[in-house]
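The values are calculated or read from the model by the stated rules, or taken from the named source; none is laboratory data. Because the structure is a prediction, the values reported are computed rather than measured. No Cβ is skipped: glycine too gets one built from the backbone with ideal geometry, and neighbour counts run over all protein chains shown. Note: accessible area is taken over every heavy atom of the protein model, side chains too, but ligands, DNA and RNA are not part of it. Shrake-Rupley method; radii C 1.70, N 1.55, O 1.52, S 1.80 Å.
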Amino acid sequence: MTTPVCTGASRAATATAAGQQHHVPYVSFSAYVRARGPVLLRTARSLTANPCDAEDLLQTALAKTYVAWERIEDHRALDGYVRRALLNTRTSQWRKRKVDEFACEELPEQGGAPAPDPAEQQSLHDAMWRAVLKLPDRQRAMVVLRYYEDLSEAQTAEVLGVSIGTVKSAVSRALGKLREDPELTPVR
């Protein structure tokens, strides 16, 4: 005879099959995860270098919380409980990890091009947005719809109530102004 992994779910299924209405004790757990999931994911990301590992870590901690849900008396302290589960789980993973790096005499070659610096990307994004804000309202609207919202020329024309030719010429003039913007010159 096998024993079910989740006895609470097994009892609920048996009660439902027998025609009894059984209160599912984990309804508020789902609400808790929906409400606090993004905050807990940020906490998990601060504990790991890889976002995928952070999601796995959070899932493991939430599974441990789910198992203990009925034993947790003060539901106002759930964040602390889950954070402690995150930290304990991460510590256990860290202790069990395999060492994949070994000391060697020569450094290995760098693989591929280096990743772009996030600060430089943000600086470029800010400079581009400042340049777009300098455009006249109509040109700015067309550039935003075409390139930020990724609408076609026909869709942009329909949204703004103008002809496709007007969109083409206005976007062309706007791009010309952006090419000449002194703040964007060092970027090229």
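A few remarks follow.
- Inter-residue pairs, beta-carbon under 7 Å, first surrounded by 11 or more Cβ atoms within 10 Å (Cβ to Cβ) and in the range 29-55, second not in a helix (DSSP H, G or I), 6+ apart: A54/T48
- Out of R146, R138, R84, one residue alone is open to solvent by 80 Å² or more (accessible area, probe 1.4 Å), at pLDDT 85 or above and within 16 Å of L175 (Cα to Cα). It is R138.
- Whichever residue in the range 168-186 is assigned to a helix (DSSP H, G or I) and open to solvent by 80 Å² or more (accessible area, probe 1.4 Å) and, among such residues, is modelled with the lowest pLDDT: P186
- Selection status of V162, more than 30 Å from E120 (Cβ to Cβ), open to solvent by less than 60 Å² (accessible area, probe 1.4 Å) and in contact (Cβ under 8 Å) with a residue 24 or more places away in the chain: no
- Enumerated helices (runs of 4 or more DSSP H) restricted to the range 76-167, each holding at least 2 residues that are within 21 Å of R179 (Cα to Cα): 118-134, 137-143
- Selection within the range 47-67 - modelled with pLDDT of 90 or more and of a type in the set (G, A, S): A54, A61, A63
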